[in-house]
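Visitor: Take this structure first; my questions come after.
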Amino acid sequence: MNHFIDIAEHSADEIAELLSIAQELKAEYFSGGNRPLFKGKTLGMIFQKPSLRTRVSFDMAMRHMEGDALYLSPAEIGLGQRESIGDISRVLSGYVSAMMARVFEHGHVQKLAEYASIPVINGLSDHSHPCQAMADALTIIEKRGSMKGLTVCYVGDGNNVAVSLMHVSLMLGANFVMSNPDDYGLPEDQLAYGKKLSEKNSVTFDVITDPFAAVKSANVIYTDTWTSMGQEAETAKREKVFPPYQVNQDLVNAAQKDVLVMHCLPAHRNHEITDEVADGPNSVLFQQAHNRLHAEKAILAKLFKVV
Ligand code: CP
Ligand code: NVA
């Protein structure tokens, strides 16, 4: 493993191995036994967009294991504006041990990787959010033992989070159902890719427009913001289209018993998810957020080749 840009670039075995390393590192953390695995290592964190979870979890992942992290704000770096992405990547490759980047265009994180002589991690792009999906899979496995045979239903916008969740679900043996308003589905190439992946792994991949029909077989309901970072100009239009896709108690009641309710956060409460559901007994929102730390330790450890 040289970079971590997209779940789809890795085999199911690699993803499963990362998740098992994450479980081991989490157990060590809670028994007070962090190993200094990242001693002498540094992570450069390039952010073109805001963040709470990604910034703090990566920073703490490095510090817990005696490494260090450096935050580089949009103003400082000016990715592709002040300086070309290739030049930034080659310069940082001589200063830090790995880079994590949150970008607008997926091509930008790919370009960083192309020019880097150190590992590059995608901390969210317009296409995917693989670190989030790793924390999500870890959470589902902790709650249900495995993803095999479960049905994961994503309700809402076919965005970066939906793409990575689809990848990890189908890859680890779960069925995947997508439910979205017209014109807000997964990108065409991802619909085709999901179909291929589902056939390969003998699971199902369906698009069901009616959210109540979609969640009927769901063991997991997942949602995310209706307006992702960079789409702010469309907020008013989206707020009109998405309300039928709100994850509320009626929708939860239409799913399987003990359905897990998930959201990558930040949540827009009483828009895509109600307070009642976000704070209710089915919600695992904060476990997901906390699992970012452990999933990212595993990704870093594998890229640093220290496990
Ligand atoms: N879920 C997630 O990536 O959160 P942040 O935008 O706060 O990093
Ligand atoms: N889909 C959201 C995820 C935020 C973590 C966005 O891209 O803004």
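Visitor: Over its Cα atoms, what ratio of radius of gyration to 2.2 N^0.38 Å does the stretch 15-130 give? If you can, show how the numbers build up before the last one.
Guide: On the way: Rg = 14.7 Å, N = 116, 2.2 N^0.38 = 13.4 Å.
In units of the 2.2 N^0.38 Å rule of thumb, it is 1.09.
Visitor: Right, here's the next one. Tell me, what is the FRET efficiency for Glu9 and Val241 to the nearest 0.05, using R0 = 41 angstrom and their Cβ-Cβ distance as r? Each step should come with its number before you reach the end.
Guide: Numbers: r = 32 Å, r/R0 = 0.78.
Efficiency for this residue pair is about 0.80.
Visitor: With bins 10 Å wide starting at 0, give me the P(r) of the stretch 75-120 over every alpha carbon pair, in whole percents.
Guide: 30, 63, 7
Visitor: Please express the Cα-Cα pair-distance distribution P(r) of the stretch 35-96 as a list of whole percents, one per 10 Å bin, running from 0 to the bin with the greatest distance.
Guide: Percent of pairs per bin, in order: 22, 45, 29, 4.
Visitor: Please report, in whole Å, how far the alpha carbons of the stretch 87-221 spread along each principal axis, starting with the longest.
Guide: 52, 35, 23
Visitor: Using r as the Cβ-Cβ distance of Val207 and Asp275, and R0 as 25 Å, what FRET efficiency do you calculate, to the nearest 0.05?
Guide: Plugging the Cβ-Cβ distance into 1/(1 + (r/R0)^6) gives 0.30.
Visitor: Next question. Using Cα centres only, tell me the gap between the stretch 257-276 and the stretch 118-138 in whole Å.
Guide: 20
Visitor: In addition: What ³J(HN,Hα) values, in whole Hz, does the Karplus curve 6.51 cos²θ - 1.76 cosθ + 1.60 give for the stretch 271-280 when θ = phi - 60°, with x put for Gly and Pro?
Guide: 10, 6, 9, 7, 4, 4, 7, 4, 9, x
Visitor: Shifting gears a bit: Given H placed on each backbone N at 1.01 Å, which residues far from Leu260 in sequence or on other chains put an amide H within less than 5 Å of it?
Guide: Val220, Ile221
Visitor: Relative to the present Cα-Cα distance, how much length would full extension add between Val56 and Lys143 at 0.36 nm per residue of separation?
Guide: Here the segment from Val56 to Lys143 would lengthen by 28.9 nm.
Visitor: Taking H as built 1.01 Å from N, whose amide H comes closer than 5 Å to the amide H of Phe205, not counting residues under 5 places away?
Guide: Phe176
Visitor: A further question on this structure: With r defined as the distance between the Cβ atoms of Glu17 and Lys257 and R0 fixed at 22 Å, what FRET efficiency is calculated, to the nearest 0.05?
Guide: Numbers: r = 32 Å, r/R0 = 1.45.
With R0 = 22 Å, the Cβ-Cβ based efficiency is 0.10.
Visitor: May I ask for the distance between the Cα centers of the stretch 194-226 and the stretch 21-60, given as a whole number of Å?
Guide: Computed from Cα coordinates, the inter-centre distance equals 31 Å.
Visitor: What translational D, rounded to a whole number of µm²/s, comes out for the stretch 162-307 from Stokes-Einstein when the hydrodynamic radius is the Kirkwood one over Cα pairs, at 10 °C and 1.306 mPa s? Present the calculation step by step, with values, prior to reporting the outcome.
Guide: On the way: Rh = 16.5 Å.
In µm²/s, the coefficient is 96.
Visitor: Given Cα pairs under 8 Å that are at least 6 residues apart, what percent is the relative contact order of the stretch 205-286?
Guide: Details: 107 pairs, mean separation 29.6, N = 82.
That works out to 36 percent.
Visitor: Then there is this: Using just the C-alpha positions of the chain as equal point scatterers, what log10 of I(q)/I(0) does the Debye formula give at each q in 0.08, 0.09 1/Å?
Guide: Values returned for q = 0.08, 0.09 Å⁻¹ are -0.33, -0.42.
Visitor: Quick check: from the Cα gyration tensor, does the stretch 92-152 come out rounded (a/c under 1.5), prolate or oblate?
Guide: Here the stretch 92-152 falls in the prolate category.
Visitor: Show which aspartates and glutamates lie in cross-link reach of Lys302 when reach means a straight Cα distance below 18 angstrom and same-chain residues fewer than eight apart are skipped.
Guide: Asp6, Glu9, Asp13, Glu14, Glu17, Glu24, Glu28, Asp59, Glu66, Asp68
Taken together, the values in this text are just the output of simple stated rules run on the coordinates, not laboratory data. Given the structure is predicted, the values throughout are model-derived calculations rather than measurements. Counting neighbours? That spans all protein chains shown, and the Cβs are built from the backbone with ideal geometry, glycine included.
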